[in-house]
Structures are given as C-alpha cells and as structure tokens.
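Colleague: One structure is given below, represented as structure tokens, and several questions about it will come after.
The values are calculated or read from the model by the stated rules, or taken from the named source; none is laboratory data. Since we're looking at a predicted model, the values are computed, not measured. All Cβ positions, even for glycine, are placed from backbone atoms using ideal geometry, and neighbour counts span all protein chains on display. Heavy atoms of the whole protein, side chains included, go into the accessibility calculation; ligands, DNA and RNA do not. Shrake-Rupley method; radii C 1.70, N 1.55, O 1.52, S 1.80 Å.
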Amino acid sequence: MKTNLFLLFIVSIASNFCYSNSPILVNESTIMLDLDQTKELYFSFAEGDEIIFEMEMVKGKHIKEVELIEMPAYSIFTEFKAQKINKKSIYIRNKGIYKFRFYSSSITRKVCKIKIYRIPASDLTKNFNTNWKWEIKRDTTYTAYQQDSLVGYKTIKYQETVRELKEKKIEEVLFLDRLEKVHSILNPNKSRTYLKVDLPQIVSSEFKEEKLITWSYWIGVGKESQEAYKRNAKMIGDMAKGLAKTYTSPLGAYAVGAVTDLIVANTGSDIEYFFVNDYQNVELFMNYQQFSLFDRGKVINSYGKKDRPNNGTFYICLYNDNDLTPVEVDVKVLVVKEIKIFENITYNRQKEEPQYVTLDKTRMNINETKVRVPVE
C-alpha cells in the first residue's frame, strides 16, 4: 500500500514537471523592415510566465535593434545588431502588456522570422489570454481659479467735451482780375506773355478746416469781353435778390452750379491761351519751343471750371497770332472753398459702471488616456 502511494506521488511530480516545461506558442510571424522603420508587437503575459523568444534573419545581415518593453516604458531586454536570437528566456514578474520592438536603419530591406512562446507558472495561468484591448483611463485633477462676478451697477456722472461743427459755408475768392496786353507778331516785343496763378493757401486748424472745391476762369479779348462780364454780373445780381446765396459773382455762380451758361462776346479779336503746370514749360513757351500743358483754347471769349490742380502754382500763357494788332486780354480766376468752423462744447453725462466681486472657485479637469490592457 505504501509502495503504491509513493509511486502515485512520483507520477504526479513528473506530470507537473513535464507541464511546467511545455512552451505555448504565442506568435510566429515574419517581420519586414525598410529604411528607418520600426514595427511593434503587443502581447499580454501573466505573472510568473517565462517568455521564450527566437529570431532568425531571412534577408540581411542583422537588425539594428530588438527590444522587449514592459509597458509603458520599462525596457527588460535589448539586443543591438541582432543576427540570431536562440531561445532567449525572459521571466515575467508582473502581469501586463509587453511590447516587442524591431528597428532597422539600413537602406535595404531586412526580413526576419520570430517565434514567441510562453511557459505558464502554474496550471492556473495555462489558458491565459495573451491578447489585449483598449481601455480609457480617466485622471481627475482640480484647478483653483478666481472669477469676477457682477453684483450690480453704479451711476457715474462726468463731463465730456466734444468738438462739433458750428458753421459750414461756401466762400468764393476772386484772386486774379487782370487786363493783360499782348503785342502783335510784328511788334518788337514778343507776341507771347504769361500770368502766374498762385492758388490760395488752404487753412487747417483745430477749429477751422478749408477745402478747395473748384476754381473757375474767364478769358476774353477787348471791351466786348468786359461788357459781357458786366452783363453777367447784373444777371447774377438780379437772380440773388431776396435769396440766401453762396455766390456773389458770375464765376462764383458758375463754379457752384447756380448757372450753367454765361453771356460771352462773339465779335472781336481772338487770343490763344495755354494752362501750364510749371515755370520750366513757361520758358519753353516763351522761347518758341515745344512745351507741356493741361488745357488750351483759341477764343474771343471763354470760361470754364476745374478741380485740378487744387494747390500750389500754375501759369496762363497767352499768344497773339495777329501780325499788326495788339490785344488786351481780360483774365479772371476765382476759387470756391468749403469752410467748416468747429467749437468745443461740454456736456454733462452719466454712465452705468458695473461692480464686481472676486470669487475663489475650483475647476474639475478630467483627462482621458487610451491605454492597452490585458483582455483578462
């Protein structure tokens, strides 16, 4: 009887010994790596497992690096320039996820075959599932902060000074009114002359702003032209009786659009005129050379308006093409300006100013992280 019990005990120990040394295949695969490429394999292992790892090159001399990492970042085995790994035994102390990492820096493709076995520590972990799954881990933290909270409003009285428009008006300035004699061609003096036109300076200050809107001109030859202008002046005077007007002269009325036509002389000698921008071109004109201009005409009597130039100086050049007869030219230039007058006015005002108190608060922060965990 004692002999039978002893034999049964020996058989049981032998059976357990044989089991404990029976490897279970976890993975058998072929790894292909190109230049600067990494491949990773993840498996779950039970506490007390023994990993048996084998690697053999199929193409290429070696792989730059082979590593086994206990997740998340604890390296438990590393092999550099791995050519062949023969039944490498690695003991697993903790249940968890383990990563096999393969890295190649070669410019040519490397191929290797691997086998991964596990030897369970006991019958309890024989059927341990080496797969893994994703799990969301939540980490809660608290952040202290301050926040202003509205508790009401307070009425604030104050004074405000505002620059306001007091007056706006249109003003006309007749700044050139001249009778200019122009000699004939056969006269010892030149049959050419010019007039300098200095447009009025524009004033700009805190309480006064001026703007040149337009300027108008009148060019006529002889007494006929002068009489025509007088008739225009009488016509404009009759129109303006009893009316609030912004003009006082025929050129002013024409410049602001109160009239569209003026009376002109249509008998007598004519004159050729040129509007020139600068004195250099005036000199060319006076010396019978080609010159630049921005307007011209040959008339007995003419008028018009322009908005350019609106500052500085320009010139009116006159030319008499009559061989024997000199002419007397009536030249008028009038500017129309817009004038704004401002003043500072102080107002009593009030406003509602919000009132706040500062509160201490705490904010809950939940951070979610996706991690690999064993299936069981």
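Colleague: Accessible surface of THR260 in the full protein assembly, 1.4 angstrom probe, to the nearest 10 Å²?
Modeller: Approximately 110 Å² for this residue.
Colleague: Grab the DSSP H runs of the chain that are 4 residues or longer, score each as -39,500 (n - 2.57), total them, divide by all residues and round the 222 nm result to the nearest 500 deg cm²/dmol. Walk me through the numbers before you get to the answer.
Modeller: Values: 4 runs with 53 residues, N = 376.
Estimated from H runs of four or more residues: -4500 deg cm²/dmol.
Colleague: Pop out the carbon and sulfur fraction of the accessible area of region 180-332 as a percent, whole number, probe 1.4 Å.
Modeller: Its accessible area is 47 percent carbon and sulfur atoms.
Colleague: Report the paramagnetic label zone for GLU353: residues of region 133-155 whose backbone N is under 11 Å from a point 7 Å from Cα along the Cα-to-Cβ axis.
Modeller: 154-155
Colleague: Given H placed 1.01 Å from N in the peptide plane, which residues other than close sequence neighbours of GLN37 have an amide H under 5 Å from its amide H?
Modeller: SER104
Colleague: Please tell me which of these pairs span more than 23 angstrom C-alpha to C-alpha: LYS223/LYS332; LYS169/LYS196; LYS166/LYS234; LYS99/LYS133; LYS39/LYS64; LYS87/LYS370? Walk me through the intermediate numbers first.
Modeller: Numbers: LYS223/LYS332 15 Å; LYS169/LYS196 28 Å; LYS166/LYS234 33 Å; LYS99/LYS133 14 Å; LYS39/LYS64 12 Å; LYS87/LYS370 33 Å.
Checking Cα-Cα distances, LYS169/LYS196; LYS166/LYS234; LYS87/LYS370 exceed 23 Å.
Colleague: Lys and Arg at +1, Asp and Glu at -1: add these up for the other residues within a Cβ distance under 13 Å of LYS351 and post the number. Don't skip to the answer; put the middle values down first.
Modeller: On the way: positive: LYS154, LYS157, ARG349; negative: GLU160, GLU352, GLU353.
Net charge in that neighbourhood comes out at 0.
Colleague: Apply 1/(1 + (r/R0)^6) to the Cβ-Cβ distance of GLN83 and ALA144, taking R0 = 41 Å, and write down the FRET efficiency to the nearest 0.05. Could you put the intermediate results ahead of the total?
Modeller: On the way: r = 58 Å, r/R0 = 1.40.
E(calc), rounded to 0.05, equals 0.10.
Colleague: Please give the net charge around ALA144, taking every other residue with its beta carbon less than 13 angstrom from that of ALA144, where Lys and Arg add +1 and Asp and Glu add -1. All intermediate terms of the calculation are to be shown ahead of the outcome.
Modeller: Values: positive: LYS361, ARG363; negative: ASP360.
Charge balance in the 13 Å sphere: +1.
Colleague: Per residue, how much accessible area does region 175-231 show when a 1.4 Å probe rolls over the protein heavy atoms, in square angstrom?
Modeller: Details: 3200 Å² over 57 residues.
Dividing the accessible area of region 175-231 by its residue count gives 56 Å².
Colleague: Under the Kirkwood approximation for Rh and a Cα-based Rg, what ratio Rg/Rh is obtained for region 268-339? Mind dumping the intermediate values first?
Modeller: Working: Rg = 13.7 Å, Rh = 13.8 Å.
Here the Rg-to-Rh quotient is 0.99.
Colleague: Let me ask another. Can you tell me the FRET efficiency between LYS61 and GLU28 if r is taken as the Cβ-Cβ distance and R0 is 25 Å, rounded to the nearest 0.05? Before the final figure, lay out each step's value.
Modeller: Details: r = 23 Å, r/R0 = 0.90.
E(calc), rounded to 0.05, equals 0.65.
Colleague: Please identify every one of the chymotrypsin sites (Phe, Trp or Tyr not before Pro) in region 284-376 that sits in a loop by DSSP and has no more than 13 other beta carbons within 10 Å of its own beta carbon.
Modeller: Values: sites: PHE285, TYR288, PHE291, PHE294, TYR303, PHE314, TYR315, TYR319, PHE342, TYR347, TYR356; in loops: TYR288, PHE291, PHE294.
When the chymotrypsin sites (Phe, Trp or Tyr not before Pro) of region 284-376 are filtered for loop state and at most 13 Cβ neighbours within 10 Å, TYR288, PHE294 remain.
Colleague: Further question on the same structure: How high is the relative contact order of the chain, given as a whole-number percent (alpha carbon pairs under 8 Å, six or more residues apart)?
Modeller: Details: 828 pairs, mean separation 98.5, N = 376.
Computed value for the chain: 26 percent relative contact order.
Colleague: Follow-up. When the accessible area of region 13-113 is computed with all protein chains present and a 1.4 Å probe, what percentage of it is carbon and sulfur? Working shown, then result.
Modeller: On the way: 2840 of 5800 Å².
Here carbon and sulfur together make up 49 percent of the probe-accessible area.
Colleague: Identify the GluC sites (Glu not before Pro) of region 188-277 meeting these criteria: DSSP loop state and at most 15 other C-beta atoms within 10 Å of the C-beta.
Modeller: Values: sites: GLU206, GLU209, GLU210, GLU224, GLU227, GLU272; in loops: GLU206.
Filter output for region 188-277: GLU206.
Colleague: Sticking to Cα atoms, compute the Rg of region 136-286 to one decimal and its Dmax as the biggest Cα-Cα distance, whole number, in Å.
Modeller: 31.8, 111
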